[in-house]
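This report concerns only the one structure given below.
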Amino acid sequence: MAYNITRLLSLVSLLLCLSFCTIGVVHARPPFACDPHNPITRGLKFCRVTVPIHVRVQDLIGRLTLQEKIRLLVNNAIAVPRLGIQGYEWWSEALHGVSNVGPGTKFGGAFPGATSFPQVITTAASFNESLWQEIGRVVSDEARAMYNGGMAGLTYWSPNVNIFRDPRWGRGQETPGEDPVLAAKYAARYVKGLQGDGAGNRLKVAACCKHYTAYDLDNWNGVDRFHFNARVSKQDLVDTYNVPFKACVVEGNVASVMCSYNQVNGKPTCADPDLLKGTIRAQWRLNGYIVSDCDSVGVLYDEQHYTRTPEEAAADAIKAGLDLDCGPFLAIHTEMAVRRGLVSELEVNWALANTMTVQMRLGMFDGEPSAQQYGNLGPRDVCTPAHQQLALEAARQGIVLLENRGRSLPLSPRSHRTVAVIGPNSDVTVTMIGNYAGVACGYTTPLQGIGRYTRTIHQAGCTDVHCNGNQLFGAAEAAARQADATVLVMGLDQSIEAEFVDRAGLLLPGHQQELVSRVARASRGPTILVLMSGGPIDVTFAKNDPRISAIIWVGYPGQAGGTAIADVIFGTTNPGGKLPMTWYPQNYVTHLPMTDMAMRADPARGYPGRTYRFYRGPVVFPFGLGLSYTTFAHNLAHGPTSVSVPLTSLKATTNSTMLSKAVRVSHADCNALSPLDIHVDVKNTGSMDGTHTLLVFTTPPDGKWAASKQLVSFHKIHIAVGSERRVRIAVHVCKHLSVVDRFGIRRIPLGEHKLQIGDLSHQVSLQANLGEIKV
C-alpha cells in the first residue's frame, strides 16, 4: 500500500512537472539568432560574443545578398534561415506601459495585461525626474519579461517628446507638455529607465524618441499631418522644437529617433539630410538607428509628391540617413533604386549596420535568451504589486489642484458621509489610460475609489463625454440634493482628442457645462469639479462660480486613477502636481490657425505667440500652477549678484555679437565658469505634510529674440509640517542664461537677468571679461 501511494505521488509529480514544463515551452522564446544548438551558426563570427560588435555586424552584412538586405530595411524584417536568423517585428510601443498598439506586442496566455501608468501629460505634471526614470525601469522589466515569453519585441517606439504647442492638438496628451526643458528632462530620464544603465554599451530595451521634428498637428480644418508643411524659423527649431530630441540623444543616449510625416520648410523630415545625417548623427552623435513614422516614406511620394518616382523616394530617404522604414515602401522599391544607381549598396549597408548594431546591443545575437542578463524575467514580473503601487503613486503625484475655495478640500469621511458622484467620466476604465495604452492589470474607477471612503450616489448625467442632451440632468440634480458633497467627473476622452483627432475648441463638449452649473446649484454641500483630459479646457465659468468649491485636473490617470482621485479628495494624499501646459481661454484659438508654427508673438499681424514663454495674454490657469493643502515659505539664503563671463579670445570682443550686447556661447569660456550656486530655504508653514516643487525661471534682459521667461530647472522636495529644507540650485550661465537668436545661434545676453524661484525674485548681472571670473 505504501509502495502504491509513493508510486501514485511520483506519477502526480511527474504529470505536474510535465504540465508546467509544457506551459514554459509554450511561452519560452527560442533564440532570435545564433542558437548554440544550431550547427549552421556555430562557427559564424557574428555569433561570437567575444568579438567586438562592429566586427560582428560587418561579418553579418557581408554574408547577406542584396535582396536579403533590402527585406531587412523594414519593420517586419524577414528571417534568413540559411544564417539561422529569425524574422523580427521592430514596431512595439511603451509610451506609459507596454502597449499592443504595434504588431510586435500581444497580450494573452501568461501575459493577459501589463501595468498601465498614467498618460505622459499626467506624469509630467509630477515634475519628478526620478519617478519618470523608475516608470521606465518598470516598463522595461515588463517588456523584457514579455519578450522572454515570446509576446513582445525589444524595440519600443516611445517616448513622444514633441512640444505641446497648440492646446487643440489631439496627441498633446502623449507629450510631457509645452516647455522644452521639461520635455527634455522627461525624455532623457524615461529613456534611461527603459534602456538600463548602458553598461558595456548594452541595452535592456531600445527606446525611440519621436516624432522628429516640429510635428504637432494631426487633422485640423482640412489640413492633415500627411500634407502639412511646417514652416519653422531656425530660431524656433533650435530653442523649442529640437530641444527634447537633442536631450534624448545627447543626455539619454537613446537608441533610435523617429522622423515624422510632415515636411519642415518644404522637405519631408524623413528625406532631409540636414535634419537626419547633419543634425542627429553629425551634431548629436546618435548611437543607434533612425526610423520613419509608419508609411511616411510612402507618404512623401504618394501624398506629398516630393519625388517623381518611388525609387527616387526610397533613395532620398536612405541617403538622407533613414535606416529603417516602418512600412513596405523600402522593401518594394530599394532594389530598383540600387540598380538604377540612385542609391548604392554601400549606403544600404550603412543603414543595416545601424539597426543590426542595436540588435546586437540588445543581445539578440547572443544565443539563448534565458542565459542573458534579463533572461530570468517572466510572467511573475508583470503586474506585480510593486509595479501597480508605482502606477498609483504616479497618478497621485500627477494630479493638480487648480482651485480650492475656502479650503473646501480635503473632504472628511466623517462630515461627508454621502457623496454624489456624477459625470460621464465618473465610472470609466479605459478612458483613464488614454491612448497608446495596452491592456491594464485592472482598474479602479473614480466611483469605486470614492466608494472606499464613503457612501456614494451615482448618476452619469450624460451618456458619454459628448453630452448631446440634458435628459439625465434631473436625476443628477436630485442626487446632489441628497448628498453631503458632490464630485463631478467631467472632461474628454479619445473620441474628442486622439491621434488624427485635433479639437475644434477648448470648451467642455456638448452640455457638460450646463450639467456642472445645474448640479452645483442643486448641491447641498461642496461641489468638486474633477477634469479628466489630456489637453487644457476653458472652464472659466467654473472658476468664476462660487458654488464650485474646488477644481482638480487629473489628466488620464492610468489604471489606478480612481484610487488616486479619491485619495486627493479625502486628503490621504496632499496634491503636489503642477500644470505642464497653459490653459487658455476659448477666444485664444478662435482666430489662431494650428498651422502657424511661430512661437514668438507678432503684434504687427495680431499673432499672440505660443506657450507661457511667448504668450502674454489672459489665461484660465497658467503653466506651473498647482495648489497644496499646506503652505510653503521661501527664503533666499545665498545667491551671487554679478558674474563676469570669460571670453575665449580678443576676436570675440570685436565680433558682431557684441553689438547686440550678447556673447556667442561658442566665444565664451564655459568650462572656466562655475555654476551660480543659489541656496533657497523652503519651510512648510501649514498644517499637513506636503511635497513642493520649486520651479526656477529666468528672464533675460530685454531683447527681441528672448522669451518672456524660461523654465531652467525644478526641484521636488517633501517637507513635514514645521520643517525646513534647503534647496541648492545650480544655474549654468552658458546653458541656463543663454538664448537663441533669429539665426539659430546661442548667445549670452549681457546685463540684468532675473531669476524667479517660487515666489522669490533674484537679479544677476552678467558682464563680458577676458580676465578672471568675478562673482
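The values are calculated or read from the model by the stated rules, or taken from the named source; none is laboratory data. Since the model is a prediction, treat every value here as computed from it, not as a measurement. Quick reminder, even Gly has a Cβ in these numbers, built from the backbone with ideal geometry, and neighbours come from all protein chains shown. Surface accessibility is based on the protein's heavy atoms, side chains included, excluding ligands, DNA and RNA. Shrake-Rupley method; radii C 1.70, N 1.55, O 1.52, S 1.80 Å.
Only Lys, Arg, Asp and Glu carry charge here, each on its Cβ (+1 for the first two, -1 for the last two); on that basis the range 388-605 has a dipole of about 880 debye about its Cα centre. Scanning the chain for DSSP H helices at least 30 Å long along the axis (C-alpha atoms) with a Kyte-Doolittle mean no lower than -1.0 picks out 2-27. If you plug the beta carbon distance of MET688 and SER765 into 1/(1 + (r/R0)^6) with R0 = 45 Å, you get a FRET efficiency near 0.70.
Computed over the chain, the per-residue total of -39500 (n - 2.57) for DSSP H runs of n ≥ 4 gives a 222 nm mean residue ellipticity of -8000 deg cm²/dmol, rounded to 500. Per residue, the chain exposes 37 Å² of solvent-accessible protein surface, assessed with a 1.4 angstrom probe and all protein chains in place.
The simple spin-label model puts a point 7 Å past each Cα toward its Cβ; for ASP677 and HIS591 those points are separated by 5.4 nm. In the chain, taking the dipole from charged Cβ atoms about the Cα centre, the farthest positive-side position among VAL465, LEU44, LEU695 is held by LEU695. Placing +1 on the Cβ of every Lys and Arg and -1 on the Cβ of every Asp and Glu, with no other charges, gives the chain a dipole of roughly 1280 debye about its Cα centre. The residue among PHE623, TRP157, SER370 whose Cα reaches farthest toward the positive pole of the charge dipole of the chain, with charges on the beta-carbon of Lys, Arg, Asp and Glu, is PHE623. For the range 206-265, the carbon plus sulfur part of the accessible surface works out to 44%, probe radius 1.4 Å. Projecting the Cα atoms of GLY576, MET532, ALA485 onto the dipole axis of the range 388-605, where Lys and Arg carry +1 and Asp and Glu carry -1 at the beta carbon, places ALA485 farthest toward the positive end. Rounded to 0.05, the FRET efficiency of the THR384 and GLU89 pair, given R0 = 25 Å and the Cβ-Cβ distance, is 0.45. Once the Cβ-Cβ distance of ARG616 and LYS543 is raised to the sixth power relative to R0 = 25 Å, the FRET efficiency obtained is 0.80. Projected label points at THR648 and HIS732, each 7 Å from Cα along the beta carbon direction, are separated by 1.6 nanometres. Under 18 Å from a label point set 7 Å out along the Cα-to-Cβ vector of GLU752, the amide N atoms of the range 707-732 belong to 707-710.
Beta bridges from DSSP with both residues in the chain: antiparallel share about 60 percent, rounded to the nearest 5.
Computed in the context of the full set of protein chains, the accessible area of the range 544-687 at 1.4 Å probe radius has 53% of its extent on carbon or sulfur.
For the chain, the fraction of C-alpha pairs more than 52 angstrom apart is 17%.
Compared with the direct C-alpha span, the chain from ARG414 to LEU507 gains 29.9 nm at full extension, assuming 0.36 nm per residue.
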